[in-house]
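*Asks:* Submitted below is the structure of interest, expressed as structure tokens.
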Amino acid sequence: MDVQEFPELACYGLAGHSASPRDLIDEVRLAEELGLGSVFLSERFNVKDAGVMAGMATAASSRIGIATAATNPHTRHPLVTATMATTLHRASEGRYALGLGRGFDLLFDVMGIPRVTGARLVDTIDILRTLWSGGSVVGHDGPAGSFPYLSQDSSFDEKIPVLMMAIGPRSLELAGRHADGVVLHTFFTDDTLRRAVETIRGAAADAGRDPASVRIWSVLATVTDDLPEELRLRKLVGRLATYLQGYGEVLVRGNRWDLADLERFRNDDLVQGYPGAFDAIGTVEELTHLRDAVLPAQWLAAAATGSAADCAARIADQLDAGADSVVLHGATPSELAPVLDAWREIRPERLDALPANPGWMK
């Protein structure tokens, strides 16, 4: 298996909203051709099924790492999730990592399924690792559910890394104790990133793990200035506003931003009662209003913007703040090509040692 040129960098497949999942095939092929180390696949309950997308990415590639980042631990039976991951692990020849996240409480409420707790995440991970190692789960009654008997194959000894998505301090600590890799959130300031790295590595050490063995991914919104204005607004302003619509307080508190600014956003006439996600349906006029009159400039600055060289410099900032790797978020592989050219000029050689699988450090 050839090594990707930039194992420390990843993009998201089908970034944002997509009505054509088949586009992922060409995106993965181009990402691999450009040398991106991994493609991350975020599940949505429309045309972005995690298992299907990861299977497409596996079939379309031979070198690039593939991560489900993320699916939820309770929307599939643990045995189904274990089977999905084992199938992808073997089909990709070890390039696949399973990413799990809490998801959205309000969505689960209307779906009629339980909210995800930290205990449920940990219990699910323990069950998956037991199954992947050839063990059986017998008479289990825990946060993940009650399971009289679960088993895959006693001959299994599958080494499949688990990624966890984390924002707040408790989730970061949980990830440091239990996950092989951690995927942080978009629009973290550099100071927030440093604190998150310290929290993860500290929790790993407290749990008796090697702190350096946990691979930490920063997620950096990357919007170059050569894109059309509407697209730039949607990828930057629209994306941040959409996060604030869904779980603004978590993100604002994590960054130690002023909650009064969040209330000003929520109380804006445009935001109140808005009929959808800003990154999906926001107009140029609406997004310009949010940028110029509502959102603090420092919030939008927690991203990579400007020229390709400017964006490459922001990648270096993430690594300097303690991240091991960086997901260039919200940009397609073709949009990232000039950024990768600029990054090649300043990239540290030490990053060559990172493995293709985005869940492993060694």
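*Asks:* Looking only at residues that are part of a helix (DSSP H, G or I) and of a type in the set (A, V, I, L, M) in the range 169-192, which one is farthest from the chain's Cα centre (by Cα)?
*Replies:* 174
*Asks:* Separate question: Quickly run through the range 148-163 and pick out the residues that are out of contact with any Lys or Arg (no Cβ under 9 Å at 6 or more places or on another chain) and either surrounded by 21 or more Cβ atoms within 10 Å (Cβ to Cβ) or not polar (S, T, N, Q) (or both).
*Replies:* Hits for the range 148-163 are 148, 149, 150, 153, 156, 157, 159.
*Asks:* I'd like the full set of residues that are among the charged types (D, E, K, R) and either within 18 Å of residue 330 (Cβ to Cβ) or touching a Pro at 6+ places or on another chain (Cβ under 7 Å) (or both), limited to the range 42-68.
*Replies:* Matches in the range 42-68: 43, 44, 48.
*Asks:* Let me ask something else about it. Which residue out of 175, 119 is buried (at least 16 other Cβ atoms within 10 Å of the Cβ), assigned by TED's automatic domain parsing to the domain that holds residue 67, without any contact (Cβ under 8 Å) to a residue 40 or more places away in the chain and farther than 17 Å from residue 81 by Cα?
*Replies:* Within the list 175, 119, the selection yields 175.
*Asks:* Among the residues of the range 288-313, count how many are in contact with a helix residue (DSSP H, G or I) (Cβ under 9 Å, 6 or more places away or on another chain), under 21 Å from residue 257 (Cα atoms) and not polar (S, T, N, Q).
*Replies:* Qualifying residue count, the range 288-313: 11.
*Asks:* So, residue 299, is that one in contact with a Pro (Cβ under 9 Å, 6 or more places away or on another chain), within 18 Å of residue 221 (Cβ to Cβ) and not assigned by TED's automatic domain parsing to the domain that holds residue 193 or not?
*Replies:* The answer is no for residue 299.
*Asks:* Could you list all residues from the range 141-168 that are assigned to a loop (DSSP other than H, G, I, E, B), over 30 Å from residue 184 (Cβ atoms) and either small (Gly, Ala, Ser) or modelled with pLDDT under 95 (or both)?
*Replies:* 154, 155
*Asks:* Ok, one more. Looking at the range 276-304, I want the residues that are more than 21 Å from residue 188 (Cβ to Cβ) and have a partner that is not in a helix (DSSP H, G or I) with Cβ atoms under 7 Å, at least 6 apart or on another chain. Which pairs are those?
*Replies:* Cβ pairs passing all conditions: 280/17; 286/270; 289/270.
*Asks:* Name the residue that is farthest from the chain's Cα centre (by Cα), counting only residues in the range 1-56 that are among the hydroxyl-bearing types (Ser, Thr, Tyr) and more than 21 Å from residue 162 (Cα to Cα).
*Replies:* If we take residues in the range 1-56 being among the hydroxyl-bearing types (Ser, Thr, Tyr) and more than 21 Å from residue 162 (Cα to Cα), then 20 is farthest from the chain's Cα centre (by Cα).
*Asks:* If only one of 313, 356 is farther than 22 Å from residue 198 by Cα, part of a loop (DSSP other than H, G, I, E, B) and under 23 Å from the mean Cα position of the chain (by Cα), which one is it?
*Replies:* 356
*Asks:* If you go through the range 297-315 one residue at a time, do you hit one that is closer than 23 Å to residue 242 by Cβ, touching a Ser or Thr at 6+ places or on another chain (Cβ under 9 Å) and of a type in the set (D, E, K, R)?
*Replies:* Scanning the range 297-315 turns up at least one residue that is closer than 23 Å to residue 242 by Cβ, touching a Ser or Thr at 6+ places or on another chain (Cβ under 9 Å) and of a type in the set (D, E, K, R).
*Asks:* Also: Give the range 54-70 a look and list any residue that's surrounded by 23 or more Cβ atoms within 10 Å (Cβ to Cβ) and either over 15 Å from residue 93 (Cα atoms) or without any contact (Cβ under 8 Å) to a residue 24 or more places away in the chain (or both), or say none.
*Replies:* Scanning the range 54-70 gives 68, 69.
The values are calculated or read from the model by the stated rules, or taken from the named source; none is laboratory data. The structure presented is a predicted model; accordingly, all values stated were derived computationally and were not measured. Quick reminder, even Gly has a Cβ in these numbers, built from the backbone with ideal geometry, and neighbours come from all protein chains shown.
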